[in-house]
Every structure is written in structure tokens, then in C-alpha cells.
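> One structure, pasted below without further comment.
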Amino acid sequence: MAVVVALGLACASVAGLDSPTSTPIYVYGVTTLLAIGLYGSASGIPREAMRDLHLLLVAVTLGVVLKALLIAGVMFLVMREPVALVLGITVAQIDPLSVAAMAGRSRLSPRAQALLRAWSAFDDPITALLILYVSAFALDWSGITGHVAGAPADADTVSYLLNLTANLGFAASALFLWAGARWLLRRGARGNTPHPATTALMLLFLAVLVTVAVLNYLMLGIALVGLFFRPLAPKVVDRVSSGALMLAGLALGMLLVHGIDPLLGVVLGLAAFGSQVLVGYALTYRLPHNDRGYLMLGQQNGITAIVLSLTLEPAFPGAVGIVAPAILTVNVLHIVSNNWWARRLETNPLPPVTPAPDWLPAPWRRARR
């Protein structure tokens with residue numbers, strides 16, 4: 001990713017790009033990347049995570065909001081500007097692509113891995129929606145004339161309700177069409193193996209839905225679509241999401257030509273990582289010691305934080321220059337802290353499990369430490 005960002009910066013420097021954020025191509029391009037990221041996150045929620053549904057709901061609602069408030073509070077103390085609100089939300093989520101890449105080498109239990117994957121998948125849409133609705137308030141508070149793509153036109157109840165209604169109507173229409181298409185395809189199917197043409201048609205239908213969402217800035221709607229519309233081609237969705245990440249990194253590098261603010265970026269990164277430690281500590285008290293430590297140190301930022309900063313840049317100039325070093329700070333802290341935790345577990349292992357006596361009734365035979 002660092003190579004892609006550097007390539008974007010080099011291209012912008014050579015081409016002498018000044019303000020690409022003001023062009024319609026930039027707005028629709030960034031909105032497309034955001035829609036792909038939100039759909040990919042929502043569609044990647046594992047079903048086994050429903051085992052910890054209560055904890056998951058608390059983590060992605062109260063937990064995400066609390067993290068955003070903690071980060072925004074730190075940034076507001078440092079900056080004393082309304083933009084601190086949206087900066088806090090931008091890095092409040094955990095990147096699902098990074099979590100997926102980590103799963104193969106992680107020492108997390110299967111239950112904790114499923115919870116972390118679901119947490120990282122759910123909190124992306126929530127932070128994106130918070131950005132859209134809070135940005136209107138932040139702009140109104142600061143007196144800046146601007147607008148974030150997909151956000152309500154004004155910071156008032158009527159605008160919020162109209163925006164919410166449009167998104168819910170889009171998702172409901174997609175659900176109705178999806179159910180009808182599945183019924184027709186099942187009637188013509190032979191056996192349990194879907195025909196390749198069926199998968200192609202479903203992917204085409206998904207592309208149409210994403211296009212409609214992008215043209216009308218229906219980001220909540222496309223996130224809801226990801227909860228139920230899952231074509232039988234997960235590798236295609238993964239490749240498109242990875243490609244979107246590369247394009248987002250390239251765009252990020254192109255905007256860094258205007259410079260970065262390393263001090264505010266480091267503060268933002270430290271606040272984001274620290275908020276995950278505090279919230280993770282509060283929410284995972286019922287989990288085993290090993291898993292609890294990894295979840296507390298699980299903060300990673302990636303495509304969603306990048307795309308959200310790109311979305312904010314036209315209305316809040318300089319947002320990219322703060323978020324970019326913050327993402328680097330968070331990911332470096334993640335690598336260092338997780339390696340430290342792994343070494344700590346190796347040097348201080350938990351006591352071995354003691355099997356229950358054979359004479360106990362079967363329902364009471366639980367392993368003891």
C-alpha cells in the first residue's frame with residue numbers, strides 16, 4: 001500500500017495536479033470506492049458471529065460511537081475546530097481487509113476471530129453513515145460552505161429524514177427485486193449447483209445496484225444491500241474490494257501533494273488506537289484472557305478510513321494530510337503491540353486445562369484450569 005500511495009504522489013507531482021477534488025469525476029470516483037467498500041464489508045459478515053450477537057451489537061453501536069467520541073474529544077482539545085468531529089469518526093473503524101489478512105496467522109480462538117471479523121465488517125457502514133450525517137452539522141457549526149457527497153443537504157431533521165427514507169426505499173426495492181430474481185432462478189435451476197450464467201446475471205444485477213447507489217449517493221442503502229445480496233462469487237467481490245483499496249491508495253497519494261500534518265496525524269492515530277484499547281477492555285470482559293488482549297489491540301485502518309478522508313477532502317481541505325499519517329501510526333502500533341502480546345503469552349502461558357473427573361455426570365464435565 002505504501003508503494004501505491006508513493007506512486008500516486010509521484011504522478012501528481014509530475015502532472016502538476018492542483019485541485020482534482022473539485023471535478024465531478026473525483027466526486028463520483030470516490031463515491032464509487034466508498035460504495036464498494038461498504039458493500040464488501042457488509043457482505044463479509046460471517047454467520048458464526050451470531051453466536052455473540054449481543055456483544056457484537058454493543059460493539060458496533062455503542063462501541064463505535066464511544067470510540068468516535070473519544071477520538072473526536074482528543075482532536076478537539078488539540079485543534080479547537082469542528083473538523084475534529086469528522087476526523088474522529090474517520091479512523092474509528094477496524095479495517096476488514098486487514099483483519100482477513102491477519103486471520104491465517106492469528107492466535108485468536110475461532111470464536112474471537114469470527115467476532116473480530118464481524119465487528120470490522122459492521123463498523124465500516126456505521127462510521128461511514130456517521131460521517132455523512134455529522135459532516136453536515138460540522139460544516140454548519142464551522143460556517144464553511146461545502147457539502148460531502150451522500151450527506152444531507154442541511155443539518156436539520158427534515159433533511160436527515162429525507163436522506164434516510166431514500167436509502168431505506170432503495171434497500172427495500174433491491175430486496176424485493178432480489179427475492180423475485182432468486183425465485184425465478186431457483187425454478188429454472190437443476191440441482192444445487194448454480195449455472196455460471198446465473199452467477200454472471202447476479203453479478204450484473206449487483207453492478208446495477210452499485211451504480212444506482214453511486215449516482216444517487218445512497219451509501220446506507222448499498223450497505224444494507226450487502227446484508228442480504230450475496231452472489232455465489234465471493235472471490236470476485238474480494239478482488240473488486242482489493243482493487244478499490246489500491247485505487248483509494250493511489251488517490252490518497254495524489255492528494256498528499258499538498259502536504260501532510262504529521263503532528264496532528266500522530267495524535268489522531270494514537271487517539272484511535274487508545275480508544276480501541278479502552279472500548280475493547282470494557283466490552284470483552286467475558287472473553288478469555290488471550291482473546292481479550294488481541295481484541296483490545298485489534299485497531300487497524302485501511303480502505304474505509306482512506307475513502308472517508310477522500311470524501312471529506314473537498315469540504316474539509318487538509319483532511320487527507322491528517323488521516324494519512326494517522327493510518328500509518330495506527331498500523332505501526334498494531335504490529336508492535338500484537339507482537340509484544342504474542343511474546344508475552346509465550347513467556348507467560350496460561351495453566352494447562354485440568355479434565356473433570358470421570359465420575360461426574362456428563363452435563364457437569366467441564367474442563368477446569
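The values are calculated or read from the model by the stated rules, or taken from the named source; none is laboratory data. None of these values were measured; they are calculated from a predicted model. No Cβ is skipped: glycine too gets one built from the backbone with ideal geometry, and neighbour counts run over all protein chains shown.
> Filter the range 68-116 for residues that are among the charged types (D, E, K, R) and closer than 20 Å to A136 by Cα and give the result.
R80, E81
> Name the one entry in V64, V60, V74 that is within 19 Å of L220 (Cα to Cα) and modelled with pLDDT of 80 or more.
Answer to the check: V64.
> Mind checking whether some residue in the range 276-291 is under 17 Å from I89 (Cβ atoms), in contact with a helix residue (DSSP H, G or I) (Cβ under 9 Å, 6 or more places away or on another chain) and crowded, with 23+ Cβ neighbours inside 10 Å?
Within the range 276-291, one or more residues are under 17 Å from I89 (Cβ atoms), in contact with a helix residue (DSSP H, G or I) (Cβ under 9 Å, 6 or more places away or on another chain) and crowded, with 23+ Cβ neighbours inside 10 Å.
> Another question, if that's okay. Could you list, in sequence order, all residues of the range 250-299 that are assigned to a loop (DSSP other than H, G, I, E, B) and farther than 15 Å from I322 by Cβ?
Scanning the range 250-299 gives T284, Y285, R286, L287, P288, L297, G298, Q299.
> Another question, if that's okay. Does L177 count as at pLDDT 75 or above, part of a helix (DSSP H, G or I), touching a helix residue (DSSP H, G or I) at 6+ places or on another chain (Cβ under 9 Å) and under 30 Å from P314 (Cβ atoms)?
Taking the combined requirement at face value, the residue does not satisfy it.
> Here's a check for you: in the range 142-158, which residue that is surrounded by fewer than 24 Cβ atoms within 10 Å (Cβ to Cβ) and hydrophobic (A, V, I, L, M, F, W, C) is modelled with the lowest pLDDT?
Applying the filter and picking the extreme gives A155.
> Exactly one condition in (1) assigned to a helix (DSSP H, G or I); (2) closer than 28 Å to G318 by Cβ is not met by V225; state its number.
(2)
> Return a yes/no flag: does the range 240-248 have any residue that is assigned to a loop (DSSP other than H, G, I, E, B) and within 30 Å of F76 (Cα to Cα).
no
> Residues being surrounded by fewer than 24 Cβ atoms within 10 Å (Cβ to Cβ), in contact with a Phe, Trp or Tyr (Cβ under 9 Å, 6 or more places away or on another chain) and either under 21 Å from L55 (Cβ atoms) or of a type outside the set (A, V, I, L, M, F, W, C) (or both): count how many of those fall in the range 119-141.
1
> Give me the pairs: first residue in the range 59-85 and touching a residue at least 12 places away in the same chain (Cβ under 8 Å) and under 18 Å from L312 (Cα atoms), second residue surrounded by 17 or more Cβ atoms within 10 Å (Cβ to Cβ) and among the β-branched types (V, I, T), beta-carbon distance under 6 Å, and six or more apart or on different chains, which are they?
A68/I89; L85/V134
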